[in-house]
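The structure under discussion appears below in the form of structure tokens.
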Amino acid sequence: MPNKNYVVLGSSTAGINAIKILRDLDKEANITLISKDDKIYSRCMLHHVISGHRSVESINFVEENFIGENNINWLKSKTVNSIDTENKIVRLDNQDISYDKLLIATGASAFIPPIKNIKQGNHIYPLRNIEDVFDIKEKINTSKKVAIIGAGLIGIDALTALMEFEDLEVSLIYPNDFILDRQLDEYSAKVYEDKFIELGAKLYPSLPVNQIVLDENNDVKGVELGDNTVVECDMLIVSTGVKPNTDFIDNTDIENNRGIVISNKCETNIKDVYAAGDVVGKNAIWPLAVKQGIVAAYNMVGVEKILDDDFTFKNSMNFVGIPTVSLGIVIPPDDTYDVITRCDKYGYKKFVIKDNIITGFLAQGDISYTGPITYLIKHNVEIKNLKDRVFDIGYADFFSMKENGEFEYDLKN
Ligand SMILES: Cc1cc2nc3c(=O)[nH]c(=O)nc-3n(C[C@H](O)[C@H](O)[C@H](O)COP(=O)(O)OP(=O)(O)OC[C@H]3O[C@@H](n4cnc5c(N)ncnc54)[C@H](O)[C@@H]3O)c2cc1C
């Protein structure tokens, strides 16, 4: 039998984790990797390169010579323009690549909202690729005032990195009432907001952006807010979400609904075409991209593997030295939920409970307690007799130890 031709589009975490499995399971296969990127690096670490805590080399997440040792044909700095799924061909500029099985792991790009002047302004950057970091770092040398639009995880990454530059005034602009409103509640967000303000940042919550103010050279001068005030800046970072990179499938029948639609085996609706990572448009986070890349690769080789976790319910962060974990629904949608909070010298904890089942949990400061709670939420465990002492629930309440030292789930309550 001739060797299989596996083609993987995208050299980030979904694509690379898929390649590891493909090579592991099929030593003889031809594996071709195609990417716009010419480096392998962790996008989660980009802000550390801005602040100078990390070098570009140190955010590479594979071992040296990974490509060579795994005998991968890497076509780097190449853009996929289209796919011919009938003839099983990926089309690049002046080059066609055939595949037997194809994995689309082309991730996502920064979403730039339709705000007046945002497209034509100079010194306006997203934070998605290493090239954005190079642009931002170069501009920092002459910049006095930087503004950031968007207070999600990437906006706050940018904020904390830029706050490290002593002579730089940093402003954060967001339409929401508090930062990180998908992960935190008002109280835990305020803990961070107060700290950012104490460290010199200026925060502008609860207002939309009217337009970007440019000078006669189209250089950015400021951001005009909904109340007509202008936040001055000579550099602007836009972190207002992401959109999956799917332009090159427009000519195909691959199902696309704000991201490539996949089964729990990471198959698309087209035979022998798989997709994984941010391009799927579900939950644009690293661990899910890893898992989907792995699941896709197993199924490409013919070993059945099912995706059993969409990682939507857990977020952890550690900004300005304050760790926080949020699990599930931390803001109750209506008053049928019970909310129990505790705030002490160790930090803040919050339980959201419905019908004796914990649906959400937030811990800020001391997060040592999250292991058993994660289990309880994930498995919808009833905590009827423990409601009065939720802050003291431990493994002992629900687990017993097996002879080999592992914990075993054992509901006695
Ligand atoms: C600043 C920042 C901080 C983050 N922090 C966290 C965090 O703390 N925790 C977390 O879980 N997640 C975080 N994320 C998200 C995480 O980085 C992504 O979920 C992850 O990178 C997705 O990996 P991926 O393989 O799907 O795609 P991507 O990382 O988006 O990579 C896409 C790949 O496809 C290639 N490509 C795209 N289009 C084409 C084309 N047409 N032709 C050829 N190649 C193409 C690109 O060159 C690239 O190699 C962060 C992201 C950013 C930007």
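The values are calculated or read from the model by the stated rules, or taken from the named source; none is laboratory data. Being a predicted model, the structure only gives us computed values, none of them experimental. Cβ sites come from the backbone with ideal geometry, for glycine too, and all protein chains shown count toward neighbours. SASA here: full protein model, heavy atoms, side chains in, ligands and nucleic acids out. Shrake-Rupley method; radii C 1.70, N 1.55, O 1.52, S 1.80 Å.
Tabulated values for the structure
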item: Number of positions in region 251-287 that are open to solvent by less than 60 Å² (accessible area, probe 1.4 Å) and without any contact (Cβ under 8 Å) to a residue 24 or more places away in the chain; result: 3
item: Region 142-168: number of residues that are surrounded by fewer than 19 Cβ atoms within 10 Å (Cβ to Cβ) and either at pLDDT below 95 or acidic (Asp, Glu) (or both); result: 3
item: Selection within region 231-241 - part of a strand (DSSP E or B) and either in contact with a His (Cβ under 6 Å, 6 or more places away or on another chain) or open to solvent by less than 60 Å² (accessible area, probe 1.4 Å) (or both); result: Val231, Met235, Leu236, Ile237, Val238
item: Any hit, region 24-33, residues being surrounded by fewer than 16 Cβ atoms within 10 Å (Cβ to Cβ) and within 22 Å of Tyr125 (Cα to Cα); result: no
item: Unmet requirement for Val170, which otherwise passes all of (1) without any contact (Cβ under 8 Å) to a residue 60 or more places away in the chain; (2) near the ligand (Cβ under 10 Å from one of its atoms); result: (2)
item: Some residue of region 23-41 being under 25 Å from Thr246 (Cα atoms), more than 10 Å from the ligand (Cβ to nearest atom) and hydrophobic (A, V, I, L, M, F, W, C); result: yes
item: Unmet criterion (only one of (1) open to solvent by 10 Å² or more (accessible area, probe 1.4 Å); (2) more than 16 Å from the ligand (Cβ to nearest atom); (3) not hydroxyl-bearing (Ser, Thr, Tyr)) for Pro244; result: (2)
item: Strands (runs of 3 or more DSSP E) (entirely within region 133-230) containing at least 2 residues that are farther than 16 Å from Ile118 by Cα; result: 169-173, 202-204
item: Every residue from region 288-307 that is over 23 Å from the mean Cα position of the chain (by Cα) and open to solvent by 10 Å² or more (accessible area, probe 1.4 Å); result: Tyr298, Asn299, Val301, Gly302, Val303, Glu304, Lys305
item: Residue satisfying all of: in region 262-307; of a type in the set (D, E, K, R) and part of a helix (DSSP H, G or I); farthest from the ligand (Cβ to nearest atom) among these; result: Lys291
item: Residue in region 103-121 that is in contact (Cβ under 8 Å) with a residue 60 or more places away in the chain, within 27 Å of Leu33 (Cβ to Cβ), surrounded by fewer than 20 Cβ atoms within 10 Å (Cβ to Cβ) and not hydroxyl-bearing (Ser, Thr, Tyr) present; result: yes
item: Residue that is more than 15 Å from the ligand (Cβ to nearest atom), under 30 Å from Lys137 (Cβ atoms) and either among the hydrophobic types (A, V, I, L, M, F, W, C) or not in a helix (DSSP H, G or I) (or both), where the choices are Ser11, Ser77, Ser55, Ser109; result: Ser55
